[in-house]
Every structure is written in structure tokens, then in C-alpha cells.
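Below: one structure, written as C-alpha cells.
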Amino acid sequence: MKDPVTRRGLVARGAGLTHRGAVRDHNEDAILVDPSGRVWAIADGMGGHEFGGYAADRLIDALETISDTEDPVQALTGRFAAADAEIAARARAEGVVIGATAVAAVIRRGQAVLAWAGDARGYLLRDGRLVPLTRDHSLVQEMVDSGQLAPEAARSHPQANIVTRAVGVGGEPELATLTLAPKDRLLLCSDGLTHVLDDDELAEALNATRPGVALAAGTPADAACALLLQQTLAGGAPDNVSVVVIDVGTG
């Protein structure tokens with residue numbers, strides 16, 4: 001029997017990078033890059049050096065256990081809930097607030113199921129056009145939705161880092177399902193990337209490194225991650241930066 005990832009003749013291959021950025025002295029992000037192409041994720045910890053990293057690691061550890069036979073929606077919902085409970089228990093024991101924003105994707109049978117909480121994001125690049133797959137759970141997004149803030153002003157708003165949902169503080173993930181096609185490219189990222197690069201810059205970097213374009217070294221996904229990180233560092237990278245790029249092709 002074929003692996004569930006490759007049914008319908010599609011296969012997912014990708015890469016990821018995480019970096020402390022140009023200002024922070026430690027990295028509270030964690031990523032999941034699955035060689036089987038099944039589960040991919042980014043978690044951005046909150047709560048200080050020790051606790052933020054703990055929260056991010058607990059969610060990634062939970063997501064790593066998702067199997068081929070599980071329903072993706074139930075698996076993602078269950079793992080987010082399990083990590084939420086574990087992080088909340090640690091927070092109560094320590095008397096502090098601990099959490100993680102996150103975005104994850106499970107790819108099976110030609111579909112991607114995304115789950116996210118907070119301002120970690122997922123995007124689809126299809127036919128050269130970048131489309132957001134997630135909507136931030138954040139104060140500035142609520143202001144944009146209510147007409148109080150112009151979308152172009154959201155990234156530079158002084159409260160742009162305030163999230164309204166996170167794993168560890170009772171934040172249930174939002175879910176979305178996408179039917180994949182050959183040559184699709186998925187991007188998962190932390191807010192350390194999107195607070196520096198806008199959507200046009202993301203699209204340009206992803207298009208410049210897509211499969212079929214001549215590259216100096218590495219896979220297209222490796223090249224995309226490296227270019228996005230390089231551009232973010234050049235832009236000041238005030239926060240930790242994490243990026244995962246997944247290319248969908250035919251087996």
C-alpha cells in the first residue's frame with residue numbers, strides 16, 4: 001500500500017530553518033520537518049527563555065506522534081489539546097504564564113489540513129501567487145477586521161505582538177483544509193518572519209527558489225528557507241525566525 005502522503009500521485013518534500021534572529025540571545029521557537037512528508041509544524045514559545053522553549057518543544061513533541069492511520073483533524077485537535085493541558089499544568093506549578101503560538105500541517109491523500117493558534121502563519125504559493133491560508137489570532141487583526149486599523153499598518157503597530165489565542169492558555173486551534181495540486185508550495189512561519197517581510201517579499205523569495213529554477217546548491221525548499229532567513233536577518237530580525245517550506249510534486 002502506498003504511503004498516505006503519496007496517494008493521488010502527490011508527494012510532499014520540504015525543509016525548515018529556525019534562528020534566534022539578530023537581537024535575541026536565545027531561540028524559543030521549535031520546528032517539525034517530517035522526512036515522510038506527513039507532519040510539519042512551527043511553534044513559537046512565550047514565557048521567557050526556559051518556559052517559552054518548553055512550551056514550543058511540548059507542542060512539537062506532541063505533533064511528532066501523529067500517525068498515518070489517524071484522522072488529521074482529530075489528530076491535530078487532540079495533540080494541540082494535550083500540549084495545552086501539559087503547558088498549562090507547568091504554568092500553574094511555576095506561577096507564570098507560558099504558551100506557544102503555532103501552525104501545523106498534516107498532509108494525507110492529496111490534502112493538507114492546517115491547524116493554528118496565534119500569529120504563526122501558513123501560506124500557499126500556486127501558479128506564482130501567494131495566498132494566506134491562516135488568519136492571525138491577534139489584537140491588531142481584530143482591529144483590522146473591525147475597521148479600526150488599515151491592513152498595511154498592522155505590521156508596524158506597537159501592539160502587533162499581542163496574540164488572542166495560544167497553546168497553553170486554553171487556545172483551541174483553528175482548522176482549514178486544502179486540496180493540493182502538483183507544483184504547490186506551502187510556507188509555514190513564525191511572526192519573526194512576517195513582522196519583517198511583507199507578503200510581496202515572501203512571494204518573490206518563494207518564486208525565485210521554486211522547483212525548476214536553477215539553484216546554486218541544495219533543494220528548492222532548502223534554498224527558499226535560506227533566502228527567507230537571509231532577508232529577514234538583513235531586515236533586522238528583532239525576534240526569533242522560523243520557516244518551513246513544503247513542495248508538492250508527483251512521485
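Readers should treat all values here as calculations from the given coordinates under stated rules, not as data from a laboratory. Bear in mind the structure is a predicted one, so any value in this text is a computation, not a measurement. Quick reminder, even Gly has a Cβ in these numbers, built from the backbone with ideal geometry, and neighbours come from all protein chains shown.
Of note:
- Protection-proxy order for peptides 108-116, 214-222, each taking the mean of Cβ atoms within 10 Å per residue, highest first: 108-116, 214-222
- In plain terms, the bigger the Kirkwood radius, the slower the diffusion; for segment 175-251, with that radius from Cα pairs, at 10 °C and 1.306 mPa s, Stokes-Einstein puts D at 121 µm²/s.
- Shown here: segment 11-58, whose C-alpha atoms stretch 37, 24, 10 Å along the first, second and third principal axes, sorted largest to smallest.
- Here the peptides 79-85, 97-103, 22-28, 200-206 are ranked by packing, the mean other Cβ count within 10 Å, and the order with the highest first is 97-103, 79-85, 200-206, 22-28.
- Of the peptides 61-69, 226-234, the ranking by mean beta-carbon count within 10 Å, highest at the top, reads 226-234, 61-69.
- 3J(HN,Hα) along segment 16-33, derived from phi through the Karplus expression 6.51 cos²θ - 1.76 cosθ + 1.60 where θ = phi - 60°, amounts to x, 9, 9, 8, 6, x, 9, 10, 5, 9, 8, 10, 9, 8, 8, 10, 10, 10 Hz, with x in place of Gly and Pro.
- Computed [θ] at 222 nm, deg cm²/dmol, the chain (DSSP H ≥ 4; -39,500 (n - 2.57); rounded to nearest 500): -9000 deg cm²/dmol
- The chain: relative contact order as a whole-number percent, Cα under 8 Å and 6+ apart: 28
- Share of Cα-Cα pairs in the chain lying beyond 27 Å, as whole percent: 32
- Its alpha carbons considered, segment 44-192 gives a radius of gyration followed by a Dmax of 15.9, 49 Å.
- Across segment 99-115, rounded Karplus estimates of 3J(HN,Hα) from the backbone phi angles (6.51 cos²θ - 1.76 cosθ + 1.60, θ = phi - 60°) give x, 8, 8, 6, 9, 9, 9, 10, 10, 8, 6, x, 10, 10, 9, 9, 10 Hz, Gly and Pro being marked x.
- Residues whose placed amide H lies under 5 Å from that of SER138, excluding near-sequence neighbours: THR164
- GNM result for the chain, Cα springs below 10 Å: residue of GLU70, GLU86, GLU174 fluctuating most strongly: GLU70
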